[in-house]
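No value in this document is a laboratory result; all are computed from the given coordinates. Please read all numbers here as calculations on a predicted model, not as lab measurements. Note that we place each Cβ from the backbone using ideal geometry, even for glycine, and neighbour counts take in every protein chain shown.
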Amino acid sequence: MRKIEKREEPAELREWRAAHQADPAGGGINYGYDTLRQSPDVVGPLLESLLAEQGGLCAYTGRKIDSGSAHVEHLLPQAYCERGQDVAYDNMMACWPQPNGPSGQYGAHAKGSWPSRAEVAMFVSPLSNGCEARFVFNQRGEITPANPADHAAARTIEKLKLDHKLLTALRGREIESVLGTMRSLSLKEARKRLRSIRDAEAALNGGANVQLDPYCFALKQALARFIKAGERIQKFAKAN
């Protein structure tokens, strides 16, 4: 999971909300996500906007996604949203899998209607500062809380099934594809790849239209460890 910087909501969503603001019956707000999703001319730009600010990655899992393989996810589940909160842009993310397709075994579908308002403190949101540093990935793609005492990180892993064997294997294969099966990547290339990932994230956070590497948060950790280990070996070799 990486920290996502929210951008300005798309004009289509803002205009749709304004058009549905007045309830003829005098009840104020006259809209909700169930109504919104019946307007593909709004949902389409909404999803594209979310994909753009996320660099084409699922907000929870880091899988590569596009408009055909993602759905609009609510950080605070719709079941617990106050009136109008289910169409608030800052409560929306793009996540795998696509709507009306097979249920995913991890990520948004596993999360379901969690957390309730009473459990929000136990959910590490991809919008929260420092969220990325709260999880550690090894070279096989396995995930654990960075701090064993971080119960919210452990709970988030559990509820989103971020340790599911299929997702773990996907992360592991991505790491292996970069480091090489025999860890044959040179230190020079490792530094270059790590720098390119960080530069892409910085550009994205600055508003550029950038596609990130799948599982880039796990890749950064794997590359940093690989570089550190290689530098130790070089230092030892020079000393002897």
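Among rounded, prolate and oblate, which fits region 136-240 when a ≥ b ≥ c are the square roots of the eigenvalues of its C-alpha gyration tensor, a/c under 1.5 means rounded, and a/b larger than b/c means prolate? Note, shape of region 136-240 comes out oblate.
With respect to the chain, whose longest principal axis is taken over its alpha-carbon atoms, helix 165-179 is tilted by about 50°. Normalised by the number of residues in region 11-226, the average gap of Cα pairs under 8 Å and 6 or more apart makes the relative contact order 19 percent.
In plain terms, the chain from LEU166 to ASP41 could stretch by 41.6 nm, reckoned as 0.36 nm per residue minus the Cα-Cα distance. Return one number: the angle in degrees, 0 to 90 and rounded to the nearest 10, between the long axis of the Cα atoms of helix 216-239 and the longest principal axis of the Cα atoms of the chain. Helix 216-239 sits at roughly 10 degrees to that axis. For the chain, the longest principal axis of the Cα atoms and the long axis of helix 151-160 meet at an angle of about 70 degrees.
Run the Debye formula on the Cα coordinates of region 81-189, all scatterers equal and no solvent, and tell me log10 I(q)/I(0) at q = 0.13, 0.16 1/Å. Taken in order of the listed q values, log10 I(q)/I(0) reads -0.61, -0.87. Computed extension gain for LYS235 through SER67, at 0.36 nm per residue and net of the alpha carbon distance, reaches 55.7 nm.
Extending 7 Å from Cα along the Cβ direction at ALA79 and again at ALA118 yields two label points whose distance is 1.3 nm.
Considering only alpha-carbon pairs that sit under 8 angstrom and 6 or more positions apart, the relative contact order computed for region 103-196 is 29 percent. The loop-placed GluC sites (Glu not before Pro) in region 1-108, going by DSSP, that have at most 10 neighbouring Cβ atoms within 10 Å of their Cβ come out as GLU8, GLU82. Comparing PRO40, PRO77, PRO99 in a Gaussian network model of the chain where C-alpha atoms under 10 Å apart are linked, the largest mean-square fluctuation is found at PRO40. 222 nm [θ] for the chain, helices only, -39500 (n - 2.57) per DSSP H run of 4+, per residue, to 500? Result for the chain, helices only: -13000 deg cm²/dmol.
Sparsely packed loop sites in region 173-230 (the trypsin sites (Lys or Arg not before Pro) outside DSSP H, G, I, E and B with at most 16 other Cβ atoms within 10 Å) comprise ARG183. Candidate values [x] 1.05; [y] 0.97; [z] 1.14 were compared with Cα Rg over 2.2 N^0.38 Å computed on the shown model; the agreeing label is [z]. A cut-off of 5 Å between modelled amide H atoms, ignoring neighbours fewer than 5 places along the same chain, links LEU75 with MET92, MET93. Mean-square fluctuations from a GNM of the chain, with a 10 angstrom spring cutoff on Cα atoms, peak among ALA218, ALA190, ALA203 at ALA203.
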